[in-house]
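J.: Below: one structure in C-alpha cells.
The values are calculated or read from the model by the stated rules, or taken from the named source; none is laboratory data. This is a predicted model, so every value here is computed, not measured. Don't worry about glycine lacking a Cβ; one is built from the backbone with ideal geometry, like all the others, and counts go over all protein chains shown. With ligands, DNA and RNA removed, areas are computed over all heavy atoms of the protein, side chains included. Shrake-Rupley method; radii C 1.70, N 1.55, O 1.52, S 1.80 Å.
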Amino acid sequence: QVRLVESGGGLVQAGGSLGLSCAASGSVWILGAMGWYRQAPGKQRELVAHSTSSGSTNYGDFVKGRFTISVDYALKTAYLQMNGLKPEDTAVYYCHGVLTPVASEIPQQYWGQGSQVTVSS
C-alpha cells in the first residue's frame with residue numbers, strides 16, 4: 001500500500017531548529033510534487049512549502065526565509081528544515097504528495113499522518 005510516512009518534529013524553544021522528513025513507502029512508480037502544510041488548533045490548514053517535480057519551490061508568506069523544502073527523488077523522501085522557529089509556528093505539520101503507484105499508474109494525492117511541532121517561548 002502506498003503511503004507517506006512522516007518523522008521528526010517535537011518540542012523546541014523559540015529560535016531553535018527542527019527537521020521533518022516524509023518518506024513514500026510501498027510500490028511508488030513516480031514521485032511528483034511534494035509539499036508541507038500545517039494546521040494549528042482552531043485554524044485552517046495552510047501551505048508551508050511546496051516543491052514541484054522540476055524543483056520550483058514556493059513558501060507561505062509567514063516563512064520569510066526560515067524554512068527550506070527539499071526532495072530526494074532517489075530516496076522518494078521530502079524534507080522540511082525549519083530554523084528560527086517561533087511559538088506561532090506551533091501546529092501539526094502534514095506532508096502532501098502526488099504519487100503514482102506502480103499498480104495503477106495513475107497520479108494520486110496522499111497525505112502523511114501529521115507531525116506535532118511545538119515551539120515554546
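J.: Would you mind finding the one in Ala103, Ala78 that is in contact with a strand residue (DSSP E or B) (Cβ under 8 Å, 6 or more places away or on another chain) and either among the hydrophobic types (A, V, I, L, M, F, W, C) or surrounded by fewer than 18 Cβ atoms within 10 Å (Cβ to Cβ) (or both)?
T.: Within the list Ala103, Ala78, the selection yields Ala78.
J.: Check whether at least one residue in the range 84-95 is farther than 17 Å from Leu4 by Cα, of a type outside the set (Ser, Thr, Tyr), under 12 Å from the mean Cα position of the chain (by Cα) and open to solvent by less than 80 Å² (accessible area, probe 1.4 Å), and report yes or no.
T.: There is no residue in the range 84-95 that is farther than 17 Å from Leu4 by Cα, of a type outside the set (Ser, Thr, Tyr), under 12 Å from the mean Cα position of the chain (by Cα) and open to solvent by less than 80 Å² (accessible area, probe 1.4 Å).
J.: Okay, moving on. Given Ala33, Ala23, Ala49, which one is in contact with a Phe, Trp or Tyr (Cβ under 9 Å, 6 or more places away or on another chain), more than 19 Å from Ser120 (Cα to Cα) and in a strand (DSSP E or B)?
T.: Just a single option satisfies the conditions, and that option is Ala49.
J.: I've got another one for you. If you scan the range 61-75, which residues turn out to be open to solvent by less than 40 Å² (accessible area, probe 1.4 Å) and more than 20 Å from Glu6 (Cα to Cα)?
T.: Residues satisfying the conditions are Val63, Arg66.
J.: With the requirement that a residue be part of a strand (DSSP E or B) and over 12 Å from the mean Cα position of the chain (by Cα), what does the range 52-64 give you?
T.: Thr57, Asn58
J.: Collect the residues in the range 85-112 that are touching a residue at least 40 places away in the same chain (Cβ under 8 Å), assigned to a loop (DSSP other than H, G, I, E, B) and more than 17 Å from Gly19 (Cβ to Cβ), keeping them in residue-number order.
T.: Val102, Ala103, Glu105, Pro107, listed by residue number.
J.: Please specify each residue of the range 4-41 satisfying the condition of being of a type outside the set (A, V, I, L, M) and at pLDDT below 95.
T.: Of everything in the range 4-41, those that are of a type outside the set (A, V, I, L, M) and at pLDDT below 95 turn out to be Gly9, Ser25, Gly26, Ser27, Trp29, Gly32, Pro41.
J.: Here is a further query. Criterion first (under 12 Å from Tyr93 (Cα atoms), open to solvent by 40 Å² or more (accessible area, probe 1.4 Å) and within 12 Å of the chain's Cα centre (by Cα)) does Leu47 satisfy it?
T.: yes
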